[in-house]
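Have a look at the structure below, then the notes.
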There are 2 protein chains.
Amino acid sequence: MKERRTRIDAVMEAVRTRIAARAYPPGARLPSVRAQAKTLGFSVSTVVEAYERLVAEGVITPRQGSGFYVAGPIAPLALAEIGPRLDRQVDPLWISRQALEAEPDGPKPGCGWLPPSWMYEAGMRRALRAVARADSAMLADYATPRGLPALRQVLARRMAAAKVEATPEQIMLTDSGTQAIDLICRFLLEPGDTVLVDDPCYFNFHALLRAHRVNAVGVPFTPNGPDVAAFAAALRDHSPRLYITNSGIHNPTGATLSPATAHRLLSLADDSDLVIVEDDIFADFETNPAPRLAAFDGLRRVIQVGSFSKTVSAALRCGYIAARADWIDSLIDLKLATGFGGSQLASSVLLAALTDSGYRKHMETVRTRLAGAMLRTVDRLAALGITPWIVPQAGMFLWCRLPAGIDAADLARACLRDGLVLAPGNAFSQSHSAGGFLRFNVAQSEDGRGYDILARALAGCGN
Amino acid sequence: MKERRTRIDAVMEAVRTRIAARAYPPGARLPSVRAQAKTLGFSVSTVVEAYERLVAEGVITPRQGSGFYVAGPIAPLALAEIGPRLDRQVDPLWISRQALEAEPDGPKPGCGWLPPSWMYEAGMRRALRAVARADSAMLADYATPRGLPALRQVLARRMAAAKVEATPEQIMLTDSGTQAIDLICRFLLEPGDTVLVDDPCYFNFHALLRAHRVNAVGVPFTPNGPDVAAFAAALRDHSPRLYITNSGIHNPTGATLSPATAHRLLSLADDSDLVIVEDDIFADFETNPAPRLAAFDGLRRVIQVGSFSKTVSAALRCGYIAARADWIDSLIDLKLATGFGGSQLASSVLLAALTDSGYRKHMETVRTRLAGAMLRTVDRLAALGITPWIVPQAGMFLWCRLPAGIDAADLARACLRDGLVLAPGNAFSQSHSAGGFLRFNVAQSEDGRGYDILARALAGCGN
């Protein structure tokens, strides 16, 4: 009996090893019981028993009449499996998926964008009608490699206003701000490289960096930007290749970079040959523009990226990269190889929307509405014992500390049962030190139902 | 004097080594002359001379008043630098960039798409006007993780008509057919893996695979599909993870897969646990649909991808992946991590265009026009001694053999000087065995000017 068990274990081990080595890739059919028995030199009954046990373990799955298959979840780049295992419910991707799949009309203070009714709807309708009348090449052709020249000119002028000098040749359009950062990672990183991020930072940076199989190191964030001493120590200890940040309005904290911090970061970057990606997606929400690393540095080692998904429309995928001309040239090759080209349609619609005289007025209205929502949200959360880390000057995010003893992930799970999508702090924190925080989107926090659910869940979690 | 030269060489070597090891990354500022002298223990004048020589070599560049910088072109993932060095003018990316940057009205028989006037312009205008009236969430929100449900239903019905069984849940929308393949590569491949491609194949597959740092192995292509014996040998010799192909109308040859070849390929794939990506982008050009690997296999180990860039509009970026449900789940995570989401706008416009009653009629017209253009192009090329490898049943491509002794890359270079963009054979050939071939797009070969330029260049190259 013991010997038989050893033989079964040997078959199981052989199969597991091959799955781990991808000799049997995810979803692949395993050799038939008969073939496996022959290959490994065991009896058919031994292999049958080994396969059955592997099925019980979930390593393989049987399919009616067609044998056994390697189970799916161990696919090689299943992001949830890479790096330290996370609780799926505070996993960066989980928040994205919950927010993207939530009921359109339900309260979702955890999501990272404005409700549709806050977006530039009238401008989008005008832009679509204008593009419906565009010439046939605009409607039918691929974009040029850099993307629509007129839109790149508009972007260069916007940057100039923010003291970032970039020619239209130094700008490449992308399908989104995220794709912009993804292409830069492809360009500059190799698996195993180290990248600095703010702790906390936009949670999708974690997911993106995991997809590149690089190590993220978090630098504690202060109300003026990253902690400079910790930044210097991280440079010394980890020799990172890249630092990714938002310098305008920081996600999730809403903080803004101070000029002194910007200057010191750039000096440190110069000394360490660090490349910095500055994600400028929240620029149009600012009332008093913060300094831009790209402005101080002159696009030498700073790469600026942005998009209009938060202001014009998230339905319209169009972002950009502004960088050194020679880097843009290599990034174009990567963009063509991996996506063939950008969207002429998206860039035409965006151009029409941005150059529409209503956009400026629209954003003024949004800023005023957000300022009001910010104050109301602070008050309503205070009533629940939830306090902001800082009250941001602008933007949609409020980074809040929960009452002592409440775990944000527990709270998020409890609220999700009632349909309320929250954004628990550790999804934003590389060090997992933000278990007592939540990020609130003030534009998505005006619905009283959300506070009722939150209050009940807090009472439940506090027990 | 000799000793000084040795010292200068030592400094140059030290700098080169650090650049190669990326201790000094591309674009980084080098240590000052003084600092370098101190670090390396040489005199300032030795370092000055070494830096000047490295400038002369193009390894570093001086910048007025701010020292020396690592030159740009050696950036880590400059695709043109990866793998065997190619002649830039037969480089896959070169053809894309030439074709994308060519004069809109100039003849470009080398490009891979229809002229704008052949595309579904009226349908696009109607679709844009319809979407301009859509509800505000459609105009402003991110798409759901899989993408617009109604479009996925239409795609599932189209696939069912081609005997490919896929539920809408098994379909994920992407920003393009290329992005679809890119995501699959991210999901299934690791650097150093091997991928089979047809030889010749769509040239961008080469660029895409280089971006993933994997090895492409070409399998000779026959008028019925890949050579089955060579395919079996490649499986045995290289243990590839993936095979990427077009089974409908093959790019660049226009050939179609025979049922016998399809069956044998799938049997071999089953035996070797090979995953197959079937790019179905030319489906709507077919008059007599070829067998689909995805139909035979039932989306078990075959993944089907496609887009409508060749038929509806290339300005509209929208593609799809149909695969096993558990693979789709991991692909969604990757899509969110690297691009955040697809375009609600692009998918809405595509849905409106595809479900417009005019699309079917439009494609009938396109197929008829292509059939005429195919015959005319064959005749006009015959007059120049250029002969088709096969005359395809449908589609826009004609894979042609040049007169003996003519090199396609030389010819392409000569024609480009006169503004004519050609697609030389070796850009499509992993083995570089297609130096005597050109791919013609018959829809882009109706302009007499192109033949005049070609005739002159042929005469010149034949000397």
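The values are calculated or read from the model by the stated rules, or taken from the named source; none is laboratory data. As the structure is a computational prediction, the values presented were derived from the model and not from experiment. Cβ coordinates were reconstructed from backbone atoms using ideal geometry, including for glycine residues, and neighbour counts include every protein chain displayed.
Residues in the stretch B:344-359 that are modelled with pLDDT under 90 and in contact with a Lys or Arg (Cβ under 8 Å, 6 or more places away or on another chain): B:356 alone. Scanning the stretch B:179-210 for residues being more than 11 Å from the chain's Cα centre (by Cα), in contact (Cβ under 8 Å) with a residue 60 or more places away in the chain and assigned to a helix (DSSP H, G or I) gives a total of 6. For the stretch B:160-193, a tally of residues being more than 10 Å from chain A (Cβ to nearest Cβ) and at pLDDT below 95 returns 11. Within the stretch A:413-436, the set of residues being closer than 17 Å to residue A:451 by Cα and touching a Phe, Trp or Tyr at 6+ places or on another chain (Cβ under 9 Å) comprises A:422, A:423, A:424. Within the stretch B:100-132, the set of residues being modelled with pLDDT under 90 and touching a Gly at 6+ places or on another chain (Cβ under 6 Å) comprises B:106, B:107.
The sole residue among A:371, A:346 that is surrounded by 20 or more Cβ atoms within 10 Å (Cβ to Cβ), of a type in the set (Gly, Ala, Ser) and more than 30 Å from residue B:70 (Cβ to Cβ) is A:346. If I ask for residues that are aliphatic (A, V, I, L, M) and buried (at least 21 other Cβ atoms within 10 Å of the Cβ), which ones from the stretch B:240-261 would you list? Passing the criteria: B:242, B:244, B:249, B:255, B:257.
Scanning the stretch B:325-343 for residues that are in a helix (DSSP H, G or I) and not acidic (Asp, Glu) returns B:325, B:327, B:328, B:330, B:331, B:332, B:334, B:335, B:336, B:337, B:338, B:339.
Among the residues of the stretch B:422-463, those that are in a helix (DSSP H, G or I), in contact with a Lys or Arg (Cβ under 9 Å, 6 or more places away or on another chain) and closer than 17 Å to residue B:252 by Cβ comprise B:425, B:427, B:428, B:442, B:443, B:444. When we screen B:401, B:360, B:413 for residues that are free of Cβ contacts under 8 Å to residues at least 12 places away in the same chain and either surrounded by fewer than 24 Cβ atoms within 10 Å (Cβ to Cβ) or closer than 30 Å to residue B:301 by Cα (or both), the only hit is B:360.
When B:45, B:66 are screened for being at pLDDT below 85, of a type in the set (Ser, Thr, Tyr) and surrounded by fewer than 16 Cβ atoms within 10 Å (Cβ to Cβ), only B:66 passes. Filtered by the rule that a residue be under 22 Å from residue A:351 (Cβ atoms), within 14 Å of chain B (Cβ to nearest Cβ) and hydrophobic (A, V, I, L, M, F, W, C), the stretch A:267-289 gives a lone residue, A:281. So in the stretch A:10-32, with the set limited to residues that are more than 34 Å from the chain's Cα centre (by Cα) and free of Cβ contacts under 8 Å to residues at least 24 places away in the same chain, which one is farthest from residue B:239 (Cα to Cα)? So the residue we want is A:13.
In this structure, residue A:51 does not satisfy being of a type in the set (Phe, Trp, Tyr), in a loop (DSSP other than H, G, I, E, B) and either at pLDDT 70 or above or farther than 30 Å from residue A:440 by Cβ (or both). In the set B:128, B:139, B:155, B:151, which member is within 14 Å of chain A (Cβ to nearest Cβ), closer than 23 Å to residue B:300 by Cα and either buried (at least 24 other Cβ atoms within 10 Å of the Cβ) or of a type in the set (A, V, I, L, M) (or both)? Of B:128, B:139, B:155, B:151, the one residue that is within 14 Å of chain A (Cβ to nearest Cβ), closer than 23 Å to residue B:300 by Cα and either buried (at least 24 other Cβ atoms within 10 Å of the Cβ) or of a type in the set (A, V, I, L, M) (or both) is B:151.
Can you find even one residue in the stretch A:240-256 that is in contact with a strand residue (DSSP E or B) (Cβ under 7 Å, 6 or more places away or on another chain), of a type in the set (A, V, I, L, M, F, W, C), within 14 Å of chain B (Cβ to nearest Cβ) and at negative phi? Checked the stretch A:240-256: at least one residue is in contact with a strand residue (DSSP E or B) (Cβ under 7 Å, 6 or more places away or on another chain), of a type in the set (A, V, I, L, M, F, W, C), within 14 Å of chain B (Cβ to nearest Cβ) and at negative phi.
For the stretch A:348-391, the set of residues classified as more than 25 Å from the chain's Cα centre (by Cα) and among the aromatic types (Phe, Trp, Tyr) consists of A:359 only. Taking the criterion of being more than 23 Å from the chain's Cα centre (by Cα) and outside any helix (DSSP H, G or I), would at least one residue in the stretch A:406-421 satisfy it? Yes, the conditions are met somewhere in the stretch A:406-421.
Only a single criterion out of (1) within 13 Å of chain B (Cβ to nearest Cβ); (2) modelled with pLDDT under 70 is not satisfied by residue A:90, namely (1).
Those residues that are part of a helix (DSSP H, G or I) and either among the acidic types (Asp, Glu) or not assigned by TED's automatic domain parsing to the domain that holds residue A:320 (or both), I need them from the stretch A:138-178; list them, please. Result: A:169, single match.
The residue of the stretch B:304-314 that is surrounded by the most Cβ atoms within 10 Å (Cβ to Cβ), among those that are more than 10 Å from every other protein chain (Cβ to nearest Cβ) and out of contact with any Gly (no Cβ under 7 Å at 6 or more places or on another chain), is B:304. A single entry from B:292, B:317 fulfils the requirement of being facing another protein chain (nearest Cβ under 8 Å), charged (D, E, K, R) and in contact (Cβ under 8 Å) with a residue 60 or more places away in the chain: B:317. Contact map, the stretch B:93-110: residues that are part of a helix (DSSP H, G or I) paired with residues that are charged (D, E, K, R), Cβ distance under 6 Å, separation 6+ or inter-chain. Pairs shown: B:93/A:333; B:94/B:88; B:99/B:108. Residue A:365 fulfils the conditions (1) in the same structural domain as residue A:275 (by TED's automatic domain parsing); (2) of a type outside the set (Lys, Arg); (3) not in a loop (DSSP other than H, G, I, E, B) except for a single criterion, (1).
Do we have residue B:346 as at the interface with chain A (Cβ under 10 Å from one of its Cβ atoms) and not in a helix (DSSP H, G or I) here? No, not satisfied.
Would you please list the contacts, defined by Cβ atoms under 6 Å and residues six or more apart or on different chains, that run from a residue in the stretch A:370-389 that is under 14 Å from residue A:446 (Cα atoms) to a residue that is part of a helix (DSSP H, G or I)? Listed by first residue and then by second, the contacts come to A:373/A:442; A:373/A:443; A:374/A:442; A:377/A:442; A:380/A:451.
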